[in-house]
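Laboratory data are not the source of any read-out in this text; all were calculated from the coordinates shown. Because the structure is a prediction, the values reported are computed rather than measured. Note that each Cβ is placed from the backbone with ideal geometry, even for glycine, and that neighbours are counted across all protein chains shown.
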Amino acid sequence: MLPESRFRAKKLAEALLNRIKKEAAKLNRTLNIMEVCGTHTMAIAKYGIRSLLPPNIRLVSGPGCPVCVTDEG
């Protein structure tokens, strides 16, 4: 089990975001990435990830994973 602090490493997050921006700058188009799971969508919203991405990377909410869309019954 990894310590939670590893998931909140500011320098690592900044390096990853810089790499994403660098790669996105090479594209001549918009890149659509689907978040399949509702839990992913909620985490993206909670942590403001959409606002950090370059304009040509678009996150699209998907249909939901089987766990998210199946009722308890």
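Please flag any cysteine in the chain that has no other cysteine's Cβ under 4.7 angstrom from its own Cβ.
Unpaired cysteines in the chain: Cys68.
Whose amide H sits under 5 Å from the amide H of Ile57, counting only residues 5 or more places off or on another chain, with H placed in the peptide plane?
Leu31
Quick one: putting +1 on the C-beta of Lys and Arg, -1 on the C-beta of Asp and Glu, what dipole do you get for the chain around its Cα centre, in Debye to the nearest 20?
That gives the chain a dipole magnitude of about 640 debye.
Calculated from the structure, mean projected area of the Cα convex hull in nm² equals which of (1) 6.6; (2) 6.0; (3) 9.7?
(1)
Restricting to DSSP loop positions (anything but H, G, I, E, B) with no more than 16 other Cβ atoms inside 10 Å of their own Cβ, which trypsin sites (Lys or Arg not before Pro) remain in the range 15-72? Present the calculation step by step, with values, prior to reporting the outcome.
Working: sites: Arg19, Lys21, Lys22, Lys26, Arg29, Lys46, Arg50, Arg58; in loops: Lys26, Arg29.
Here the trypsin sites (Lys or Arg not before Pro) that fit, given the DSSP loop and packing criteria, are Lys26, Arg29.
How much length is gained if the chain between Ser61 and Glu14 is pulled fully straight, taking 0.36 nm per residue apart and subtracting their Cα-Cα distance, in nm to one decimal? List each step's numbers first, then the result.
On the way: separation 47, 0.36 × 47 = 16.92 nm, distance 2.41 nm.
Full extension from Ser61 to Glu14 adds 14.5 nm.
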